[in-house]
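Engineer: My structure is below; once you've seen it, I'll send some questions.
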Amino acid sequence: MSGGAIYQESLRVLRKLALPEQAERDVMAALEAAHPGPLALLYEAGVEAGLQRESLLIRGAGIFLSFAAGNLADDLSDGDCTYYTRPFQVGPYVQFLLQNMAWSTLARADIPSNVLTEAALVLAQAAGPQALEVRTLEWTAPVFRQVAEGLAGQQWASYLRLLWAGTPLAECSVAGHLLGIAAHVAEDIRSKDRRFFSMPEEDQREVVRWARAGMEGVRRQGLRCLDAALRRIDPILPEVTP
């Protein structure tokens, strides 16, 4: 079993819907755009938490479907939704479909209702900084941090809370906040995103220092799955360290 097994579970959820062929293709395009995304981490984190196979697959698929919905929303906002010829006609309905697929999947997982409720609320709050992103013309470190806190930090804290609910690692899910921020900064650097590179150099260095401080907080958790995620991030950040 691997992250690929979680992806296959997501596809099984899709096919059970018996959607029109074109709709299934549209959803597949969004899933491919989000792939591999968090799949490796979800698998490794689920195994380390001691989740049984069925529980890991259902929780992981629900989280990945939510991630794919958020990824699509972000691509639409940023003008990066190149996998549809008519993104503003197709994208909104696919996002709506993915979001409902995600929560119907999570609802049949063995996750306490209060965790589902709180995770949904935090994910809603996490979307709020998108309003800043789409309106920001001049990026600075404080604005970058505010956006990253929501879009990445709150999102990943919620995902690990959903994945680890009821396991010995439940209390460690707050580390997802710091990990999400570090991954967000690293991805902006890797993809040469304007959001990062349009900032003055000192602001870039400040953001990298902030991300690296968060990585140290993650390392203090002493979890193999999080250390593995950090190893994927670490080689990217030194490119802009002072």
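The values are calculated or read from the model by the stated rules, or taken from the named source; none is laboratory data. Predicted model only: the values in this text are computed from it and were never measured. Cβ coordinates were reconstructed from backbone atoms using ideal geometry, including for glycine residues, and neighbour counts include every protein chain displayed. Protein only, heavy atoms only, side chains kept; ligands, DNA and RNA dropped before computing areas. Shrake-Rupley method; radii C 1.70, N 1.55, O 1.52, S 1.80 Å.
Engineer: For A131, work out the one condition from (1) free of Cβ contacts under 8 Å to residues at least 40 places away in the same chain; (2) touching a Phe, Trp or Tyr at 6+ places or on another chain (Cβ under 6 Å); (3) of a type outside the set (S, T, Y) it doesn't fulfil.
Structural biologist: (2)
Engineer: When you check E138 against the structure, is it open to solvent by 60 Å² or more (accessible area, probe 1.4 Å) and assigned to a helix (DSSP H, G or I), yes or no?
Structural biologist: In short, no.
Engineer: Considering the range 62-100 alone, what residues qualify as being closer than 23 Å to R194 by Cβ, of a type in the set (S, T, Y) and open to solvent by less than 50 Å² (accessible area, probe 1.4 Å)?
Structural biologist: Hit for the range 62-100 is Y84, nothing else.
Engineer: E118 is checked against (1) open to solvent by less than 20 Å² (accessible area, probe 1.4 Å); (2) out of contact with any Leu (no Cβ under 7 Å at 6 or more places or on another chain); (3) assigned to a helix (DSSP H, G or I); (4) not aliphatic (A, V, I, L, M) and fails just one. What number does that condition carry?
Structural biologist: Single failed check for E118: (1).
Engineer: Got at least one residue in the range 51-60 being open to solvent by 40 Å² or more (accessible area, probe 1.4 Å) and within 18 Å of the chain's Cα centre (by Cα)?
Structural biologist: So far as the range 51-60 goes, no, none of its residues is open to solvent by 40 Å² or more (accessible area, probe 1.4 Å) and within 18 Å of the chain's Cα centre (by Cα).
For every residue, the table says whether it meets (1) open to solvent by less than 70 Å² (accessible area, probe 1.4 Å); (2) more than 24 Å from W103 (Cα to Cα); (3) in a helix (DSSP H, G or I).
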| site | (1), (2), (3) |
| --- | --- |
| Q146 | no, yes, yes |
| R161 | no, no, yes |
| P168 | no, no, no |
| Q204 | yes, yes, yes |
| V208 | yes, yes, yes |
| A211 | yes, yes, yes |
| M215 | yes, yes, yes |
| L230 | yes, yes, yes |
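Engineer: Another question, then. Which is on the phi > 0 side of the Ramachandran plot and either over 19 Å from the mean Cα position of the chain (by Cα) or assigned to a helix (DSSP H, G or I) (or both), of A18, A40?
Structural biologist: Within the list A18, A40, the selection yields A18.
Engineer: Checking G222 against (1) in a helix (DSSP H, G or I); (2) out of contact with any helix residue (DSSP H, G or I) (no Cβ under 9 Å at 6 or more places or on another chain); (3) over 18 Å from W139 (Cβ atoms), which test does it fail?
Structural biologist: Result: G222 fails condition (1) only.
Engineer: What is the number of the single condition among (1) out of contact with any Leu (no Cβ under 8 Å at 6 or more places or on another chain); (2) assigned by the TED database to the domain that holds E9; (3) not hydrophobic (A, V, I, L, M, F, W, C) that T136 does not meet?
Structural biologist: Of everything listed in (1) out of contact with any Leu (no Cβ under 8 Å at 6 or more places or on another chain); (2) assigned by the TED database to the domain that holds E9; (3) not hydrophobic (A, V, I, L, M, F, W, C), T136 misses just condition (2).
Engineer: Also, I was wondering about something else. Can you name the number of the only condition in (1) of a type in the set (A, V, I, L, M); (2) open to solvent by 10 Å² or more (accessible area, probe 1.4 Å); (3) over 13 Å from the mean Cα position of the chain (by Cα) that A157 fails?
Structural biologist: (3)
Engineer: Still on this model: Could you please give the count of residues in the range 1-28 that are surrounded by 18 or more Cβ atoms within 10 Å (Cβ to Cβ) and either within 26 Å of A229 (Cα to Cα) or free of Cβ contacts under 8 Å to residues at least 60 places away in the same chain (or both)?
Structural biologist: Residues flagged as surrounded by 18 or more Cβ atoms within 10 Å (Cβ to Cβ) and either within 26 Å of A229 (Cα to Cα) or free of Cβ contacts under 8 Å to residues at least 60 places away in the same chain (or both) within the range 1-28 amount to 5.
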